[in-house]
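Participant: Okay, handing you the structure first.
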Amino acid sequence: AYSVVDGGLHCAHCGYYEPPEKSVVGKGAQEFEFTVETMAIATQAQGWGTARKELQCQNCGARTSLPEGHLTHVCPFCGSNRVLQQDTPQDVLRPRFLVPFKIEVDACQQIARDWLGSNWMTPKSLKDVARIANFQGIYLPFWTFDATTKAQWRAQVGHTRTERYRSGGEWKTRTVTDWRWESGDVQRDFDDWVIPGTAKLSQLLLERIRKFDLLALVPYEPQYLAGFLAQAYDVMLESAWEHAREQMREDTRQVCRAQASTSQIRNFSMSLDFSNESWRYVLLPVYVAVYAYGGESYQVMLNGQTGEIAGQRPVDWTKVWWVVAALLAPGVLLGILGIITALLGVGIVVGIIALVLLVVGGIIAAIIVSAAMSMDDV
């Protein structure tokens, strides 16, 4: 199996050790242009370059590549045992580069324990679940894209001013917006824009752990997958590139709008051109775990390079509702007091204070409830 500690290969049975033979290429990793010639070169190498099996989950649809002889009958992503094991298809592109694992699997337990207990809205006993969660290292597919965007924009930009006018024999003031045409040019250089190569997993969790350091890229070798699971892409290059273009287009659009002299904008238009477009297919290291709590299953993902973690966490709603009640109670009680004192002719000030407290408490309570609802949303 590949050793995260020293980057070599270790045999757990006889003690055999093979030293690492990796060369970090980082930003120098080869990129392919969208031309017939380069696409032909990129598609020459297919499969994993070594014999592997594939696990197809009948529950969530995920396909996972397993090392030969790896005994597992559980999907690493949803925990289901409704899986089929078959030969790995060899008609997909072979990864050209990958970022090796840097976090050891034993460290995942402590990271997960700290994360599970880091929020006051989770049950106190949740920390103990981390000991049960079985983290599995898996290389996930990602596409990286480079491009340059050049945009020209034009829009009407509003400038407000205050003017005095006479009405009914009195001088009054009013706010007037003057709309002026503005235009500008923007150039954006996008380097290693990362798009997940799978749609079978939670895009929200992948987004939260996607900050990989691509300076650690090394040329792909099958040895890196020894002892690890892997997943081939199910999002094709064309679809991934279209998604990346949409994100780059929106990013450029926001920069164009930021050039305007004020934030009041109407009749905005933008012409955009792409150039210097290139792509890579890479594997990035992720640990995945599924744990059970209260009869429900929850998924956790951990960046195998940086240790960044994201996932689902159950909420102790009793705690949440007590906090919500505590936030609303001052406003409600003061409002009741205001009603009582209003009957005596002195409750107006108390009522205003009660209304302010109720509004502030309601806003904070809504934020807390929304955060609690999103904790197990993937």
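Participant: For a 32 Å ceiling on Cα separation, which of these pairs sit above it: Lys150/Lys200; Lys200/Lys319; Lys27/Lys200; Lys102/Lys200; Lys53/Lys211?
Facilitator: Over 32 Å apart, Cα to Cα: Lys150/Lys200; Lys200/Lys319.
Participant: Per-residue ellipticity at 222 nm for the chain, helices alone: DSSP H runs ≥ 4 residues times -39500 (n - 2.57), over residue total, nearest 500 deg cm²/dmol?
Facilitator: That calculation yields -9000 deg cm²/dmol at 222 nm.
Participant: Taking Lys172 as the anchor, which aspartates and glutamates have their alpha carbon closer than 17 Å to its alpha carbon, excluding any fewer than eight residues away along the same chain?
Facilitator: By straight Cα distance, Lys172 reaches Glu163.
Participant: Which entry in (1) 31, 25, 21; (2) 50, 35, 16; (3) 35, 23, 20 matches semi-axes √(5λ) of the Cα gyration tensor in Å derived from the coordinates of this structure?
Facilitator: From the options (1) 31, 25, 21; (2) 50, 35, 16; (3) 35, 23, 20, the structure gives (2).
Participant: Please report, in debye to the nearest 20, how large the charge dipole of the chain is about its Cα centre when each Lys and Arg carries +1 at its beta carbon and each Asp and Glu carries -1 there.
Facilitator: Charge dipole, the chain, about its Cα centre: 1520 debye, nearest 20.
Participant: If packing is taken as the average number of other Cβ atoms within 10 Å across a peptide's residues, how do 274-280, 24-30 rank, most packed first?
Facilitator: Order by mean packing, descending: 274-280, 24-30.
Participant: By DSSP, what percent of the beta bridges with both residues in the chain are antiparallel, rounded to the nearest 5?
Facilitator: The antiparallel fraction comes to roughly 95 percent.
Participant: Considering only Thr38, Thr306, Thr177, give the residue with the highest GNM mean-square fluctuation for the chain, with springs between Cα atoms whenever their separation is below 10 Å.
Facilitator: Ranking Thr38, Thr306, Thr177 by mean-square fluctuation puts Thr177 first.
Participant: Sorting check: for 251-264, 186-199, 161-174, 292-305, which peptide has the highest mean count of neighbouring beta carbons within 10 Å, and how do the rest follow?
Facilitator: 292-305, 186-199, 251-264, 161-174
Participant: With contacts defined as alpha carbon pairs under 8 Å and 6 or more residues apart, what's the relative contact order of the chain in percent?
Facilitator: Across the chain, relative contact order equals 22 percent.
Participant: Considering only Ala240, Trp193, Ile367, whose Cα is most displaced toward the positive end of the charge dipole of the chain, charges sitting on Cβ of Lys, Arg (+1) and Asp, Glu (-1)?
Facilitator: Ile367
Participant: Measuring with a 1.4 Å probe in the full set of protein chains, what accessible area per residue, in whole Å², belongs to the chain?
Facilitator: Each residue of the chain exposes 53 Å² on average to a 1.4 Å probe.
Participant: Please report, as a whole percent, how much of the solvent-accessible surface of the chain comes from carbon and sulfur atoms (probe radius 1.4 Å).
Facilitator: 55
Participant: Tell me which of Trp179, Gln231, Ser167 sits at the most positive position along the dipole axis of the range 157-236, charges placed on C-beta atoms (Lys, Arg +1; Asp, Glu -1).
Facilitator: Sorting the options by dipole projection puts first Ser167.
Participant: Among all helices in the chain defined by DSSP H, which have a length of 27 Å or more along the axis from Cα atoms plus a Kyte-Doolittle mean of at least 0.0?
Facilitator: Answer set is 317-342, 348-374.
Participant: What spacing in nm lies between the two simple spin-label points modelled at Ile348 and Arg249, each 7 Å away from Cα in the Cβ direction?
Facilitator: So the two model labels end up 5.7 nm from each other.
Participant: Here's something else I'd like to know. Could you tally the net charge around Gln305, taking each other residue with its Cβ under 13 Å from the Cβ of Gln305, Lys/Arg +1 and Asp/Glu -1?
Facilitator: Once positives and negatives cancel, what remains is 0.
The values are calculated or read from the model by the stated rules, or taken from the named source; none is laboratory data. Bear in mind that the values here come from a model prediction, so they are computed numbers and not experimental data. Note: ideal-geometry Cβ built from the backbone for every residue, glycine included; neighbour counts use all protein chains shown. Accessible surface is based on the protein model in full, side chains and every heavy atom, while ligands, DNA and RNA are left aside. Shrake-Rupley method; radii C 1.70, N 1.55, O 1.52, S 1.80 Å.
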